[in-house]
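What follows is a short report on a single structure.
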Amino acid sequence: MATFPSIEASYGLSKSSKPSIRQTKFGDGYQARISFGMNQNPKTWSPVWKNVTEAQSDTIETFLDQRASDADSFTWTPPNEASSSEYICLKWSKKMDYPGYATITATFQEVFEP
């Protein structure tokens, strides 16, 4: 299991949740809901690294390319979060705004593994 490089993401990143809740609606308007699964509320983060050096962007991109090759998750601690979790990254992009600098945008999905 790999650990994400210690390059801080820029602020402006977002976090979303999509709990796994099953619901049944009955004809009289009554609803029954239940949380489904042990880890039923995974988080999705959209970190951005704005105007990092080309070397830092290469480090991030190489790390993500390696995880894409081995399909392995990685440990990452989001900003202002107390603990790290396991994530996968299925999408990222790199934009070169200025000579020698780049901006990387990614989507990290929390996963639960044994």
For Met1, the accessible surface traced by a 1.4 Å probe with all protein chains present amounts, in square angstrom to the nearest 10, to 140
Where the range 18-114 is the region considered: accessible area per residue in Å², 1.4 Å probe: 66
For the chain, what is Rg from Cα atoms divided by 2.2 N^0.38 Å, rounded to two decimals? 1.33
Stretchable slack from Lys94 to Leu13, in nm (0.36 nm times residue separation minus alpha-carbon distance): 27.6 nm
What does the charge count near Pro78 come to, summing +1 for each Lys or Arg and -1 for each Asp or Glu among other residues with Cβ under 15 Å from its Cβ? -2
Mind jotting down the distance between the C-alpha centroids of the range 11-58 and the range 77-95, whole Å? 13
Structure shown: which of Lys43/Lys94; Lys15/Lys91; Lys50/Lys91; Lys18/Lys95; Lys18/Lys91 lie over 21 Å apart, alpha-carbon to alpha-carbon? Lys43/Lys94; Lys18/Lys95
Fluctuation leader among Asp70, Asp28, Asp58 - the chain, Gaussian network, Cα springs under 10 angstrom: Asp28
Add +1 for every Lys or Arg and -1 for every Asp or Glu among the other residues with Cβ under 10 Å from the Cβ of Lys50, and state the total. 0
Which FRET efficiency, nearest 0.05, do Lys50 and Glu81 yield, Cβ-Cβ r, R0 22 Å? 0.65
With the chain treated as a Gaussian network of Cα nodes joined by springs under 10 Å, which of Thr75, Thr24, Thr53 yields the largest mean-square fluctuation? Thr24
Assign unit charges at the C-beta atoms only (+1 for Lys and Arg, -1 for Asp and Glu), then state the dipole size of the range 30-83 relative to its Cα centre in Debye, rounded to the nearest 20. 480
Quick one: go through the range 37-52 and flag any residue whose amide nitrogen is under 19 Å from the point 7 Å out along the Cα-to-Cβ line of Met1. 38-45
Under a GNM of the chain (C-alpha, springs under 10 Å), which listed residue has the highest mean-square fluctuation: Gly37, Gly29, Gly12? Gly29
Ignoring ligands, DNA and RNA, what percent of the accessible area of the range 26-69 is carbon or sulfur (1.4 Å)? 51
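The values are calculated or read from the model by the stated rules, or taken from the named source; none is laboratory data. Owing to the predicted nature of the structure, the values given are computational and were not obtained by experimental measurement. Don't worry about glycine lacking a Cβ; one is built from the backbone with ideal geometry, like all the others, and counts go over all protein chains shown. When the accessible area is computed, the model is the full protein with side chains, heavy atoms only, and any ligands, DNA or RNA have been set aside. Shrake-Rupley method; radii C 1.70, N 1.55, O 1.52, S 1.80 Å.
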